[in-house]
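So the structure is just underneath, and the comments pick up after that.
The values are calculated or read from the model by the stated rules, or taken from the named source; none is laboratory data. Worth saying up front: this structure is predicted, and the values here are computed from it rather than measured. When we count neighbours, we look across all protein chains shown, and the Cβ atoms used for this are built from the backbone with ideal geometry, even at glycine.
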Amino acid sequence: MLSDEALREFRESVWDYFRSHARSMPWRDDPSPYHVLVSELMLQQTQVSRVLPKYHEFMGKFPTIQALADASLSEVLAAWSGLGYNRRAKFLHAAAQMVVRDFNGELPATLQDLVKLPGIGANTAGAILNYAFNQPVAFIETNVRTVFIHHFFADKDGVDDKELLPLVEQTSDAEHPREWYWALMDYGTHLKQTVGNKTKQSKHYARQSKFEGSRRQIRGRILKHLLDGPRPSAELLTVEPDERTASVLEDLVREGFIEEYAGQLRLTESFKLP
């Protein structure tokens, strides 16, 4: 536990940076639950600079959670194209459908209900509760790790989130939880740029696998090909001449991204929750 003086000094460090360098983002300017949900799924493993233009485009096409739920998966994947990690688009689409079906179109405001949604784990749910509902729920993500490791575990490797969580809880600002986590996000980004990636000292750090030449790249290219319309599987095997392409196609069918139709493969048109 931190002393009162250490707690005050830490909070001041974070708030001082935020007062001078707070970033403007559309999901901060209007932190409605739907806006926050979309931004949190987009920001997973993706930098803000890449998300911003896609966010505006996506919200233009699906301005409400009902509009997203009513869209076909193929429409959602087309709008998502360029962000990568297409599973997040499928999760977001399925989450919107579940919110409409099970929660009367209103994003739930409890941790217990949020983690029922596809693609929403405890930390993403915690972020949504803070940002969308201004509820002080402790959560840990890469920027939070950066801040707390830098200040409290600078000389230690293999730092477990279990060691960080009590400090995250103790330092939280119960009166201004939304702004406090915005401050942590911006301060953590600043630290990454100035002192380096402190998350490498985390027990939970995993180096992102190389994209070039990966199965992820093949998946993305296949989905991009299919944005133009259905194509025979033989043609896809020709335009993606890799020994892994056949198994990637099988994976995409099994996962519900693509479907067989009239002897060809196409992006799934009618994906619905079971």
R178 being buried (at least 17 other Cβ atoms within 10 Å of the Cβ) and in a helix (DSSP H, G or I): yes
Test: residue in the range 185-202 that is charged (D, E, K, R) and within 22 Å of G82 (Cβ to Cβ): no
In the range 122-145, residue surrounded by the most Cβ atoms within 10 Å (Cβ to Cβ) [restricted to those that are in contact with a Gly (Cβ under 7 Å, 6 or more places away or on another chain) and closer than 16 Å to P166 by Cβ]: V144
Residue pairs meeting the criteria (Cβ under 8 Å; at least 6 apart or on separate chains; first within 19 Å of E141 (Cα to Cα) and touching a residue at least 24 places away in the same chain (Cβ under 8 Å), in the range 42-65; second outside any helix (DSSP H, G or I) and of a type in the set (D, E, K, R)): V48/R23
Subset of the range 223-274 [among the polar types (S, T, N, Q) and either over 14 Å from S74 (Cα atoms) or exposed (fewer than 14 other Cβ atoms within 10 Å of the Cβ) (or both)]: S233, T238, T245, S247, Q264, S270
Filter pass, P108 being more than 30 Å from D228 (Cβ to Cβ) and part of a loop (DSSP other than H, G, I, E, B): yes
Test set (1) out of contact with any Gly (no Cβ under 9 Å at 6 or more places or on another chain); (2) within 22 Å of R23 (Cβ to Cβ); (3) not in a loop (DSSP other than H, G, I, E, B) - K200 fails condition number: (2)
Number of the exception - V248 against (1) outside the structural domain of D70 (by TED's automatic domain parsing); (2) part of a loop (DSSP other than H, G, I, E, B); (3) within 25 Å of the chain's Cα centre (by Cα); (4) not aromatic (F, W, Y): (2)
The range 220-274, residues that are hydroxyl-bearing (S, T, Y), farther than 18 Å from S81 by Cα and in contact (Cβ under 8 Å) with a residue 12 or more places away in the chain: S233, T245, Y261, S270
Neighbours by Cβ (under 7 Å, 6+ apart or cross-chain): first from the range 24-41, not assigned by TED's automatic domain parsing to the domain that holds H56 and part of a loop (DSSP other than H, G, I, E, B); second among the aromatic types (F, W, Y) and crowded, with 19+ Cβ neighbours inside 10 Å: none
Single condition L165 does not satisfy, out of (1) assigned to a helix (DSSP H, G or I); (2) touching a residue at least 60 places away in the same chain (Cβ under 8 Å): (2)
Qualifying residue in the range 72-95 (condition: surrounded by 15 or more Cβ atoms within 10 Å (Cβ to Cβ), in the same structural domain as L117 (by TED's automatic domain parsing), of a type in the set (S, T, N, Q) and without any contact (Cβ under 8 Å) to a residue 60 or more places away in the chain): no
Single residue of the range 240-258 satisfying the filter (in contact with a strand residue (DSSP E or B) (Cβ under 8 Å, 6 or more places away or on another chain) and modelled with pLDDT of 90 or more) that is nearest to A89 (Cα to Cα): L252
